[in-house]
Amino acid sequence: QVHLVESGGGLVQSGGSLRLSCAASGSIFRIYVMGWYRQAPGKQRELVEISGGSTDYADSVKGRFTISRDDAKNTVYLQMDSLKPEDTAVYYCLVATDRGNYWGQGTQVTVSS
């Protein structure tokens, strides 16, 4: 069993910053990929940024969001700077392990204009 705990969401003004974190625990032997997706109301879940052998990210967050990992803690972070109202969404972490793929519970990020 693998358990993910997300934290760091909240309400911020346009241009502000937030840092999300997602810690994985449980029966994990190896983590292959850690990353973030988001889902805005009425829209499909979309990739934000993901870190495996390489880093992939959405063009809309290029230069503003930075993903990082602490493999010793099985934790992934998303530093979000220069936030825009269109970044408002529920953010979900994804962890791909030798036991399968797991999603976090989601954390709300709201950016006011």
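The values are calculated or read from the model by the stated rules, or taken from the named source; none is laboratory data. Please read these numbers as outputs of a predicted model, since none were measured by experiment. Cβ: placed from backbone, ideal geometry, glycine included. Neighbour counts: every protein chain shown. The area values use the complete protein model at the heavy-atom level, side chains included, leaving out ligands, DNA and RNA. Shrake-Rupley method; radii C 1.70, N 1.55, O 1.52, S 1.80 Å.
At-a-glance table
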quantity: Rounded accessible area of ASP81 (nearest 10 Å², 1.4 Å probe); calculated: 50 Å²
quantity: Relative contact order computed over the range 47-113 (Cα-Cα under 8 Å; 6+ residues apart), in percent; calculated: 22 percent
quantity: Gain upon complete extension [GLU46, SER112; 0.36 nm per residue less C-alpha separation]; calculated: 21.7 nm
quantity: The chain - charge dipole about Cα centre, Lys and Arg +1 at Cβ, Asp and Glu -1, debye rounded to 20; calculated: 100 debye
quantity: Share of carbon and sulfur in the accessible heavy-atom surface of the chain [1.4 Å probe, %]; calculated: 45 percent
quantity: Pairwise label distance in nanometres, SER54 with SER27, each label 7 Å out on the Cα-Cβ vector; calculated: 3.4 nm
quantity: Set of lysines with alpha-carbon distance to LYS43 below 21 Å, sequence-local pairs under 8 removed; calculated: LYS62, LYS84
